[in-house]
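Below is one structure, written out as structure tokens; comments come after it.
The values are calculated or read from the model by the stated rules, or taken from the named source; none is laboratory data. All values reported here derive from a predicted model rather than from experimental measurement. Cβ sites come from the backbone with ideal geometry, for glycine too, and all protein chains shown count toward neighbours.
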Amino acid sequence: MNANHLSHLLFKTTNESDLEQIISIEVQTQKSPWSRAQFLEELKRKDRLCISCKINSIVVGYLFCRIVSPDSEILTLSIHPNYQNLGIGSKLLKHTISECSKIGILKCFLDVRVSNNIAIGLYEKLGFKKIHIRKNFYTDNLESAQVMMLEIQP
Ligand SMILES: CC(C)(COP(=O)(O)OP(=O)(O)OC[C@H]1O[C@@H](n2cnc3c(N)ncnc32)[C@H](O)[C@@H]1OP(=O)(O)O)[C@@H](O)C(=O)NCCC(=O)NCCS
């Protein structure tokens, strides 16, 4: 991977045919991976932004966002392990925030495991602020969640 490959990076609305690749990334990157049924349910909903980033039609990352106007909430975000730390997560998040801004969304919320320093660093880099902790939020290991919020510039 190099900067040349990244020039081929495209953001696309996720559809069912992307799910096989998404689930393969999901099981490699998430502690409690979503099932195929959960992803399908998300894709059916009208109040979701479901964005995949692709290089030459290969899914290298994805983000699911709930729209509850005037707020939004990042539900999940992952980048394929071979494509991490190349700026793709930042680009995907910036793209999502820009899409939210276009439809008048004013705030974006998310929760992230308190131990996930890489993700917290990414969110802080993009302007998200830590607002509070939800204790024992994650059911797999009772880890707490850091709740974060971004005020989106109209
Ligand atoms: C969190 C995640 C989405 C970041 O995506 P990414 O494409 O790797 O992120 P970027 O390349 O844009 O980097 C964002 C910042 O994270 C840091 N970072 C990313 N990968 C890193 C690594 N392996 N080690 C150390 N720092 C890392 C970088 O320092 C970077 O900031 P900087 O380049 O300005 O210093 C990705 O690591 C991932 O999919 N993780 C597993 C799933 C997850 O934790 N999702 C988020 C919570 S649901």
Item to check | Residues of the stretch 28-71 that turn out to be of a type outside the set (Asp, Glu), farther than 26 Å from GLU143 by Cα and part of a loop (DSSP other than H, G, I, E, B), as a count | outcome: 6
Next on the checklist: Condition first: more than 16 Å from the ligand (Cβ to nearest atom) and within 19 Å of TYR123 (Cβ to Cβ). Can you find one or more residues in the stretch 48-64 that meet it?
Outcome noted: no
Checklist entry - Can you name every residue in the stretch 28-47 that is of a type in the set (Ser, Thr, Tyr) and either more than 17 Å from VAL59 (Cα to Cα) or at pLDDT below 95 (or both)? => result SER32, SER35
Checklist entry - Can you find a residue in the stretch 104-127 that is over 15 Å from the mean Cα position of the chain (by Cα), under 19 Å from SER17 (Cβ atoms), more than 8 Å from the ligand (Cβ to nearest atom) and touching a residue at least 24 places away in the same chain (Cβ under 8 Å)? => result no
Checklist entry - How many residues are near the ligand (Cβ under 6 Å from one of its atoms) and either within 17 Å of THR14 (Cα to Cα) or under 14 Å from the mean Cα position of the chain (by Cα) (or both) if we restrict to the stretch 71-85? => result 5
Item to check | Single match in ILE105, ILE74, ILE133, ILE97 (criterion: in a loop (DSSP other than H, G, I, E, B) and at pLDDT 95 or above) | outcome: ILE105
